[in-house]
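Here the structure comes first, spelled out in structure tokens, and everything after it is commentary.
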Amino acid sequence: VPRYINSFILNHSIFSLVPVEKNITLERPSNIELTCQFITSGNVNSVNVTWKKGDKQLETIHTNATGSILYTQYMFIITDSKQMGSYSCFLEEEKEQRGTFNFKVPEVQGKNKPLITYVGDSVVLICKCQHCSSLNWTWYSNNGSAQVPIDVQMNDKYEIKGTNANETRLKITHLSEDNKGSYWCRAAFPLGESEQRVELVVLSYLVPLKPFLGIAAEVVIVVAVILLYETHTQKKKKLTDDGKEFEQIEQLKSDDSNGIENNAPRHRKNESVSQ
């Protein structure tokens, strides 16, 4: 005989424009009582009420009415994972009314964002289950096509720890880039399993330096271009100055030649006067 009863009541009204749903978390076998309340628009004795698990219609339901309010109840025992899932109550009128109870095992929480670490370091992956106690925790890695259970006995690179039943920790030491990828933690409950994925990113120490190396390369290129431009400008300026100096020398030579030619007649004229 079960030690306790879980009772869930869902109130459903025709004034609700969308179906009503309630999520219920179970981790161990339980006695269940589900109740839906409908407000009918006609004779309560002529309406049709049904219960379904998925697409399968259920038997042994209890229905009664008070005025225009109709109550329908379904009682059963959940003992294994096959009985988990969705249970729905239906009131078939001009507008169908429906209420749905979704049974599931507790969710496992892990790190939502990728965990980033570096080659050679160690890392600890953590999964938790709030307000629940798992019968067993298992860690899996991804080999590229499927989940592979992590065997800490065969590989001392891994270590699995847990301070209590609602938490598990996977420690990975001496990380390499081959250790990056997806890891799954799976919690086993009497009524099923729940798992969560943790993404691990393993970086080389050179990765953070890449932006700076890129900037340094750009600076070197800019400096080299400036130096080449300055060198070219200096050479061009020197050639220009040499050209001007050559022109000045030629001009001076030309002036000197003209001066000698102009002085020769004067000497002859002076000699004639002296005679």
Pairwise label distance in nanometres, ALA165 with SER81, each label 7 Å out on the Cα-Cβ vector: 1.9 nm
Running Debye on the stretch 55-167 with equal point scatterers at the Cα sites and no solvent, what base-10 log of I(q)/I(0) appears at q = 0.12, 0.13, 0.21 Å⁻¹? -0.71, -0.77, -1.34
Could you list the square roots of 5 times each eigenvalue of the Cα gyration tensor of the stretch 89-151, that is, the equivalent ellipsoid semi-axes, sorted largest first and rounded to whole Å? 41, 15, 14
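Throughout, read-outs are computed from the coordinates displayed, never taken from laboratory work. None of the values given here were measured: they were computed from a predicted structure. Glycine also receives a Cβ, built like all others from the backbone with ideal geometry; neighbour counts cover every protein chain displayed.
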